[in-house]
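Scroll down for the structure; my scribbles are underneath it.
Where a number appears in this text, it was derived from the coordinates with a stated rule and is not lab data. Everything numeric here is computed off the predicted structure, so don't read it as measured data. Note that each Cβ is placed from the backbone with ideal geometry, even for glycine, and that neighbours are counted across all protein chains shown.
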Amino acid sequence: MRTGQGIMLAVLLVGLAGCGGKKQLPHEGKSVAELERMLDADDPAVQAHGALGLSQHGTEASSAVPRLTELLASSDPVVRQNAAVALGKVGEEARSAVPALVGCLSDSEWTVRRVAALALGEIGPAARDALPALQKLQRDSDKLVSRAAREAILKVDPAAKR
């Protein structure tokens, strides 16, 4: 019985030692400039974290729009997805990324198509050129993607019928 109690105590102590604090993610607490440097890393995971971090800075990350736009063509779907999220959070100031985001509407990954549509919606009326592609995307086989397209259309063209 003592051996069992000793093992239980050891397991409990190891568990408690791991609860000492929350591990910070690579993008947390970084400035826009630091996150922009992460976009130039060779490691797609670092690029993805950089883009995700930039998404938390909103319009303050507008200086990263050109590099985020380039990352929409990454071979890594998480990088493409996070770059689209960040561009959407920049909003109207990311209007130069509209053509690249329209290209992402036909991505093989449904998550990238969905986030690209949502990003275009966040860019708003400045993404008017994306309307034909968004209208087509309403017929996507994935319900979340088609819903994102409908939501984006209403933000890009507020006069569109619900």
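Picking from residues in the stretch 146-162 that are charged (D, E, K, R) and part of a loop (DSSP other than H, G, I, E, B), the one that is nearest to Ala84 (Cα to Cα) is Asp157.
Within the stretch 135-145, can you find the residues that are in a helix (DSSP H, G or I) and surrounded by 17 or more Cβ atoms within 10 Å (Cβ to Cβ)? Steps first, please.
Our first condition is that a residue be in a helix (DSSP H, G or I); within the stretch 135-145, this holds for 135-137, 143-145.
Leu137, Val145, listed by residue number.
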